[in-house]
1. Checking R164 against (1) of a type outside the set (S, T, Y); (2) in contact (Cβ under 8 Å) with a residue 24 or more places away in the chain; (3) out of contact with any Lys or Arg (no Cβ under 6 Å at 6 or more places or on another chain), which test does it fail?
2. If you go through the stretch 183-234, how many residues are surrounded by fewer than 18 Cβ atoms within 10 Å (Cβ to Cβ), over 21 Å from P167 (Cβ atoms) and among the small types (G, A, S)?
3. Pairs only if they're at least six apart or on different chains, beta carbon under 6 angstrom, first in the stretch 205-234 and modelled with pLDDT of 85 or more, second in a loop (DSSP other than H, G, I, E, B); list them, first residue then second.
4. Can you pull out the residues in the stretch 91-104 that are over 14 Å from G115 (Cβ atoms) and either surrounded by 17 or more Cβ atoms within 10 Å (Cβ to Cβ) or small (G, A, S) (or both)?
5. Looking at the stretch 51-84, which of its residues are part of a strand (DSSP E or B) and under 19 Å from M179 (Cα atoms)?
6. Is there a residue in the stretch 129-149 that is within 20 Å of the chain's Cα centre (by Cα), farther than 24 Å from F86 by Cα and part of a strand (DSSP E or B)?
7. Determine if the stretch 26-36 includes at least one residue that is under 26 Å from Q123 (Cα atoms) and touching a Cys at 6+ places or on another chain (Cβ under 8 Å).
8. What do you reckon, is E126 in contact with a helix residue (DSSP H, G or I) (Cβ under 8 Å, 6 or more places away or on another chain), of a type outside the set (K, R) and in a loop (DSSP other than H, G, I, E, B)?
Amino acid sequence: MSLNKLITLFFALMLFASTQLEAEMNLPVNISADSVEHDDSTASILYSGNVKLTQGEISLLCDQLQLSRDKENNSLITATGNPVTFQQTEADGITKGKASVVTYHVKQRLLQLKGKPIQFQHQDQEGNLTSGDALAADYDMNSERIKMSGAPIHIKHTKKSSGREPPLTGESRNIDYDMKKEHLVMTGSARIEQDGSMVTNDRIIFDLKQMTVIAGKKANARERVHTTIRLEEQ
């Protein structure tokens, strides 16, 4: 790589590292890899081999990573791998995930994930664990919200304080998971099951903190609720 290209690469990296977010989000993007290529024709940078990206409490590992810009000239980072893995640590817990392709919009702090399937898990401060898989997901790091799509989507919630209580599992076509509020909204052939008891509806709202389920009219559903209850043996 020529000196001119090295200088260009340096300034390009400086531009990618700077965002227009507020001070607490205006953190540099650090990248390490086995090799790097700068394409003048596309004004893009390609990292290959054991690539690691970090920005504050965010880390991402992949096989290849490309830096470019979108139509609004905002920084865009696209990672591919088998798989791509990411992790974010916040005061209220740790979020981890795996995917085949991850697109990171630096300014918006938005991760778009695709895979067959993608996988994620979130563990809160109390040790409660929520995990799931889907074909696609958008993870907004500012609001700590995950929107998943690609039927069927599977979820599993294990409450640490529940002792031997079996985990709660679910399935639906779409899921909107607010990690701050610990609210999970399931839509499209939604089903929640625990220890043989089951609730099915086209829309189910699950409060993970209170361990309450709302379905039917109160959840703005269009269909009637169907419930199967497992009676305990006397």
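1. The one condition R164 does not meet is (2).
2. 1
3. A215/V225; G216/V225
4. A91, G93, T95, Y104
5. Across the stretch 51-84, the qualifying residues are I58, S59.
6. No, the conditions are met nowhere in the stretch 129-149.
7. no
8. yes
The values are calculated or read from the model by the stated rules, or taken from the named source; none is laboratory data. All values derive from a computational prediction rather than experimental measurement. Every residue, glycine as well, gets a Cβ built from its backbone with ideal geometry; the counts of neighbours run over all protein chains shown.
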